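Novice: Have a look at this one before I ask anything.
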Amino acid sequence: MAETIPGLFLRQAAHLAHQPLFFVKRQGSYQPITWQEACEDVEALSYFLLHQQVAPGDRVVILSENRPEWAIADLAIQSVGAWTVPLYPSLLAHDIETICRDCQPVLGIASNADQVSKLLEISQRITSLRSVIALDAGPQPHPQRLEWAHVLAQGREQAPTLRDQLTQRRNRIQPTDIATLIYTSGTTGEPKGVMLSHRNFLSNVEACLQVIPVSSADLHLSFLPLCHVFERMAGWYLMLSAGAAVAYAENMETISANMLEVHPTVMLGVPRFFEKLYARIQGGLRQAPPLKRRLVEWAIRVGRSSAAADPTRPLPLSLSLQRAIADRLVYHKLKEKLGGRLRFFVSGGAALSKDIGEFFYSIGVTILEGYGLTETSPVIAVNQLPRPRFGSVGHVVDGVEVQIADDGEILTRGPHIMQGYYQKPEATAAVMMDGWFHTGDIGHLDRDGYLCITDRKKDLIKTAGGKFIAPQKLEGLFITDPAISQVFVYGEKQPYCVALIVPNVDQLRRYAQEQEIAGRSLQELARNPLVLEWYWNRIQAKQTGLASFEQVKKIALLDQEFSQASGELTPTLKAKRNVIAQKYASLLQRLYDTSG
């Protein structure tokens with residue numbers, strides 16, 4: 001059998017049969033699911049799909065939160081040569097219908113009653129969608145609704161008659177065949193279906209395993225959505241290839257508690273996750289007793305000195321000794337709050353603030369920032385242990401080529417590049433030229449070969465004075481202030497840049513109480529001149545060293561966070577810049593009103 005994702009899984013399952021593959025919380029505690037048990041369910045679902053006449057190239061959508069059944073369904077769909085089409089559970093029925101109208105799925109798999117109802121609702125208009133498999137049992141009868149347990153039971157009944165057919169179907173799958181169709185989250189327009197092959201993913205897995213030390217001894221706590229390519233490759237296929245186990249967090253609110261329960265050794269995160277963790281640590285530090293606060297501040301200084309040292313040389317002896325002491329007195333206790341066994345985080349999906357990366361390294365928690373896109377399967381470059389270079393996304397991984405265009409755009413080619421956008425040849429041709437994929441990102445390779453990302457090409461602000469400014473650079477600078485929760489920088493075709501600031505509510509209320517500022521609601525505080533002045537002074541302190549044309553000249557405070565529900569963030573928590581600019585157009589315009 002040619003090396004495919006199902007082929008890799010079968011090989012690993014035979015070798016690791018009785019070891020845990022998944023951990024899932026049931027009845028109050030995490031329970032293991034072995035490789036053998038998972039393999040039996042994959043086989044059963046594969047037989048059911050064959051019995052339902054799911055053909056090679058057919059599309060099957062998965063609309064579910066992270067759970068073992070998601071991964072099992074993914075493997076079964078690919079085992080019969082069909083394409084997995086993952087959908088974000090947060091999508092509304094209208095958005096799901098748009099995607100399904102494009103890809104015409106024959107079957108849907110959904111987690112709970114809410115997700116099932118979305119697919120059943122659109123099935124009246126998407127006639128290709130024959131039935132929906134519900135992962136959670138429910139009382140709602142519907143002629144198109146099938147229960148997961150019943151589906152697996154039917155599949156096992158069909159095994160004797162379909163075993164040879166499944167073997168033949170698997171053997172016919174080629175590495176260049178499509179494994180999945182992933183719709184981009186769409187920060188600037190309608191999502192496009194990215195076609196990724198088995199070879200795309202597995203070449204990326206192999207390259208990443210050479211520089212990210214994951215093995216069968218590791219346990220990954222998964223909380224980023226599996227429908228996103230970053231978690232799909234690094235949090236599922238890479239773990240599968242390494243023989244590592246995967247535990248699923250209950251939800252975003254329980255991550256801290258789940259870390260203490262499963263004691264992960266590796267985790268993936270997006271910058272927003274680390275920003276919130278950073279703010280929580282900083283808040284706790286400010287409330288600590290003076291002696292403890294001074295000790296932690298000393299440990300942070302030691303860590304920052306370590307991070308600033310030349311990564312190509314060993315640490316000086318004195319600094320190495322100080323770091324060992326800091327680890328015993330400070331870092332070790334912080335690591336215990338992360339489960340006690342965490343070796344490193346991996347960050348992707350957006351740019352990580354250099355200051356935040358250095359801060360976590362300074363307290364003994366390493367974040368390996370990487371870079372890639374859905375279209376590149378996804379990893380192009382990633383930092384490595386023992387000492388990453390913060391402010392960069394690391395070295396380009398093996399088998400991947402990168403070159404920088406004359407305008408600074410990052411171009412790449414290799415086995416990781418997508419097969420194209422589904423049914424969109426013109427859109428494919430617009431990003432694929434002479435074999436090179438045009439990423440749309442601006443960056444450069446430093447003298448040591450580290451790739452550094454400046455900004456998205458389409459996000460660069462061109463002021464009325466003709467100056468180009470990278471908003472994400474400024475936003476990354478401001479977000480390290482513990483009093484700031486979110487920030488949006490604007491300035492396209494304007495004389496200067498301005499910023500919309502979402503306050504950290506706890507920090508704001510604490511300041512208001514200390515200063516005896518009247519106003520109980522966030523709305524009242526956000527409009528208080530003293531509060532605005534406090535934030536302006538904090539922004540000014542962060543802008544020291546920036547060129548005058550880069551600096552934000554005015555700010556406004558918002559009384560609500562940017563959110564996915566309001567359409568301002570993608571499912572991976574990246575800002576939809578055009579949506580935010582349009583929603584707050586009148587407020588932004590007032591910041592340019594010279595009369596006030």
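Novice: Test residue 558 against the criterion of being within 30 Å of residue 182 (Cα to Cα) and in the same structural domain as residue 490 (by TED's automatic domain parsing), and give yes or no.
Specialist: no
Novice: Looking at residue 476 and the list (1) surrounded by fewer than 17 Cβ atoms within 10 Å (Cβ to Cβ); (2) not in a strand (DSSP E or B), which single condition is not satisfied?
Specialist: Only one criterion is unmet by residue 476, namely (1).
Novice: Name the residues in segment 354-368 that are touching a residue at least 24 places away in the same chain (Cβ under 8 Å) and in contact with a Pro (Cβ under 7 Å, 6 or more places away or on another chain), would you?
Specialist: 368
Novice: State whether the residues of segment 328-341 include one that is more than 29 Å from residue 228 (Cβ to Cβ) and in contact (Cβ under 8 Å) with a residue 40 or more places away in the chain.
Specialist: no
Novice: Moving on to the next point. Which members of segment 285-313 meet the condition of being outside any helix (DSSP H, G or I) and surrounded by 13 or more Cβ atoms within 10 Å (Cβ to Cβ)?
Specialist: 288, 309, 311
Novice: If residue 533 satisfies all but one of (1) free of Cβ contacts under 8 Å to residues at least 12 places away in the same chain; (2) surrounded by 14 or more Cβ atoms within 10 Å (Cβ to Cβ); (3) among the acidic types (Asp, Glu), what's the number of the condition it fails?
Specialist: All conditions are met except number (2).
Novice: Taking residue 540, is it surrounded by fewer than 18 Cβ atoms within 10 Å (Cβ to Cβ), outside any loop (DSSP other than H, G, I, E, B) and out of contact with any Asp or Glu (no Cβ under 7 Å at 6 or more places or on another chain)? I'd like the intermediate steps shown before the answer.
Specialist: Details: surrounded by fewer than 18 Cβ atoms within 10 Å (Cβ to Cβ): yes; outside any loop (DSSP other than H, G, I, E, B): yes; out of contact with any Asp or Glu (no Cβ under 7 Å at 6 or more places or on another chain): yes.
The answer is yes for residue 540.
Novice: Quickly run through segment 559-596 and pick out the residues that are closer than 19 Å to residue 458 by Cβ, free of Cβ contacts under 8 Å to residues at least 24 places away in the same chain and assigned to a loop (DSSP other than H, G, I, E, B).
Specialist: 567, 568 - these are the residues of segment 559-596 that are closer than 19 Å to residue 458 by Cβ, free of Cβ contacts under 8 Å to residues at least 24 places away in the same chain and assigned to a loop (DSSP other than H, G, I, E, B).
Novice: To continue, here is another question. Go through segment 130-173 and give me each residue that's part of a loop (DSSP other than H, G, I, E, B), among the hydrophobic types (A, V, I, L, M, F, W, C) and without any contact (Cβ under 8 Å) to a residue 40 or more places away in the chain.
Specialist: 137
Novice: Also: From the residues in segment 10-57 that are assigned to a strand (DSSP E or B) and of a type in the set (D, E, K, R), which one is surrounded by the fewest Cβ atoms within 10 Å (Cβ to Cβ)?
Specialist: Step by step, filter segment 10-57, then rank; the result is 26.
Novice: Any residue in segment 353-366 that is modelled with pLDDT of 90 or more, within 17 Å of residue 303 (Cα to Cα), small (Gly, Ala, Ser) and crowded, with 22+ Cβ neighbours inside 10 Å?
Specialist: Scanning segment 353-366 turns up at least one residue that is modelled with pLDDT of 90 or more, within 17 Å of residue 303 (Cα to Cα), small (Gly, Ala, Ser) and crowded, with 22+ Cβ neighbours inside 10 Å.
Novice: Considering segment 500-544 alone, what residues qualify as being closer than 20 Å to residue 482 by Cβ and small (Gly, Ala, Ser)? Talk me through it step by step, then tell me what you get.
Specialist: Keep residues of segment 500-544 that are closer than 20 Å to residue 482 by Cβ, which gives 500-515, 517, 522, 525-526, 528, 530-544.
Result: 512, 526, 541.
Novice: Next question, about the same structure. Of all residues in segment 111-143, which are over 29 Å from the mean Cα position of the chain (by Cα), within 19 Å of residue 67 (Cα to Cα) and not aliphatic (A, V, I, L, M)?
Specialist: Residue satisfying the conditions is 138 alone.
The values are calculated or read from the model by the stated rules, or taken from the named source; none is laboratory data. In this text, all values refer to a predicted model and were calculated from it rather than measured experimentally. As a convention, Cβ positions derive from the backbone with ideal geometry for all residues, glycine included, and neighbour counts pool all protein chains shown.
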